[in-house]
Structures are given as structure tokens and as C-alpha cells.
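The values are calculated or read from the model by the stated rules, or taken from the named source; none is laboratory data. Owing to the predicted nature of the structure, the values given are computational and were not obtained by experimental measurement. Virtual Cβ from ideal backbone geometry, glycine too; neighbours counted across all protein chains shown.
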């Protein structure tokens, strides 16, 4: 199936590793101009260099989604070099797990800032250009954690907020030709997840609790993000696509 996304300009946050990196390569393979952003300049530039070396077209930019000025600078640079951003994948994420009674204000606010407020910063910067051209695709990173997970009240609140924001913005931006959707992965085997001390336990729980008896792969999330960014998803907005092996809650 031709996704019909060639030559679009796609900005991805948190694309220096994991799911974001997989999505960056997937967009590049479809002929898109890929803006790889990450809080780590080194990571963003590495992924962009890999795409360019493979014959794609990518730009690596250091961007801190928590900082409005950083986001504004990054978007302005892209618009100057490549024009209006057609697709935004709000992928940057961060977790600081703790029991509610011992969770610090910093742990709460940082997780909300990165996972929810940071997405809003990016959306507010790209929407004017998308509105002028009458087209845009926004895909926000949620998580199966929005159902609630132990010692993750901050993260669950942020991801539930992402889903609410996605629904509200689909109403607001739909008349301008902009769709807004979210993806909600379950356990995905990224390098960060593999390095967790409890990774082997995650695999056991996946086999016990999930209808599809394995952990997900970054490329499977990338496939969903590409679809929601494509011409085939033009009548889909305000939705959250769970990529969680059939497990809900």
C-alpha cells in the first residue's frame, strides 16, 4: 500500500533512540524529509547522519520540548530550510516512578512537563504553518499506562492528559485540515527497556497477561505512526491506537 507521504517534512521529537529512532528511519524510507530532534544533540545528529548516509534526507536538531524557546527555535529553523512542517510526531517521553506518598514535586512536575506540556509546546509551534497550508498530521505519544500502573501516577496522569488533549485538538483543528491522533504502546523492546533490571520479569508477565504472547517491537509502533500520518488516515482524528498486544488495562 502506497502511503503517499513522499516529500513531506516530518518533525519527530525524542527521535535519538528507541521508538522515535525507528520512526525516523521509517519516514526516511518512504521518501520524507525527516527532522530528528532530541534533547541530546549527539543522538539527534547520529540518527540524522545514518539516514543521510543511507540516501535519505534528514536534519538533526537539539530540542528540549520542555523549553518553549528551544521548540520555537527548532521549528523556525526547519521552516526556514525546508518550509512548513507537514507531520509532527510528539514522541519525547520520560518517567520517574515512585509511590505516591514519597513522590517528590520534581518527579511529578518533570514527568508532566516532558510527556504532556512538551507536546503542547510543539503543537502550538507547528499549527500556524499547518493551518496556512490547510493540511497537517499530528501524532501524539500516549501509553497503555493511561489505564493506570503501579507507582506511575505521574506518568499515567500525563498520558491520560495526552489522550484528552488529542480528542480536544481534533475538534479544534479538524476544520483546518489537521488531524490529531495518538498511539498508546504497551511494552516495546527498546534498548532502554532491555537494559532495565526487571526486563526478564517483563517478558514473563507479557507471556502471562497478553493475548499476543510477546513484547512489541519499535517497527510495529512506527508502522502505526506512518499510517496515521498518511493519506489513508485523512478521515481519522481524535483516536488513540493501542499497540499493546491486545492487552488493555
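Among residues belonging to the range 201-218 that are surrounded by 15 or more Cβ atoms within 10 Å (Cβ to Cβ) and modelled with pLDDT of 75 or more, point out the one that is farthest from the chain's Cα centre (by Cα).
Here the answer is 210.
Applying the selection to the range 144-161, what residues are modelled with pLDDT of 70 or more and more than 13 Å from residue 113 (Cβ to Cβ)?
144, 149, 152, 153, 156, 159, 160
Could you please find all residues in the range 219-246 being farther than 27 Å from residue 7 by Cα, without any contact (Cβ under 8 Å) to a residue 60 or more places away in the chain and surrounded by 16 or more Cβ atoms within 10 Å (Cβ to Cβ)?
Correct list: 245 only.
Tally up the residues in the range 50-66 that are free of Cβ contacts under 8 Å to residues at least 12 places away in the same chain and out of contact with any strand residue (DSSP E or B) (no Cβ under 8 Å at 6 or more places or on another chain), please. Show your work before the answer.
In the first step, residues of the range 50-66 are kept if they are free of Cβ contacts under 8 Å to residues at least 12 places away in the same chain; the result is 52-53, 55.
The next check asks that each one be out of contact with any strand residue (DSSP E or B) (no Cβ under 8 Å at 6 or more places or on another chain); those that pass are 53, 55.
Number satisfying all stated conditions: 2.
Examine the range 115-130 for a residue that is more than 27 Å from residue 170 (Cβ to Cβ) and either loosely packed, with under 15 Cβ neighbours inside 10 Å or over 19 Å from the mean Cα position of the chain (by Cα) (or both), and state whether such a residue exists.
Of the residues in the range 115-130, the ones more than 27 Å from residue 170 (Cβ to Cβ) are none.
No, there is no match, as no residue in the range 115-130 is more than 27 Å from residue 170 (Cβ to Cβ) and either loosely packed, with under 15 Cβ neighbours inside 10 Å or over 19 Å from the mean Cα position of the chain (by Cα) (or both).
Does the range 35-49 contain at least one residue that is more than 15 Å from residue 75 (Cα to Cα), touching a residue at least 24 places away in the same chain (Cβ under 8 Å) and within 11 Å of the chain's Cα centre (by Cα)?
No, the conditions are met nowhere in the range 35-49.
Hey, residue 158 hits all of (1) touching a strand residue (DSSP E or B) at 6+ places or on another chain (Cβ under 9 Å); (2) closer than 19 Å to residue 241 by Cβ but one; which does it fall short on?
Unmet condition: (1).
Touching a helix residue (DSSP H, G or I) at 6+ places or on another chain (Cβ under 8 Å), assigned to a helix (DSSP H, G or I), under 16 Å from residue 93 (Cβ atoms) and modelled with pLDDT under 95: does that describe residue 222?
No, not satisfied.
Results for (1) more than 19 Å from residue 222 (Cβ to Cβ); (2) in a helix (DSSP H, G or I); (3) out of contact with any strand residue (DSSP E or B) (no Cβ under 7 Å at 6 or more places or on another chain); (4) modelled with pLDDT of 90 or more, shown as yes or no for each residue.
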position	(1), (2), (3), (4)
108	yes, yes, yes, no
115	yes, yes, yes, yes
118	yes, yes, yes, yes
124	yes, yes, yes, yes
130	yes, yes, no, yes
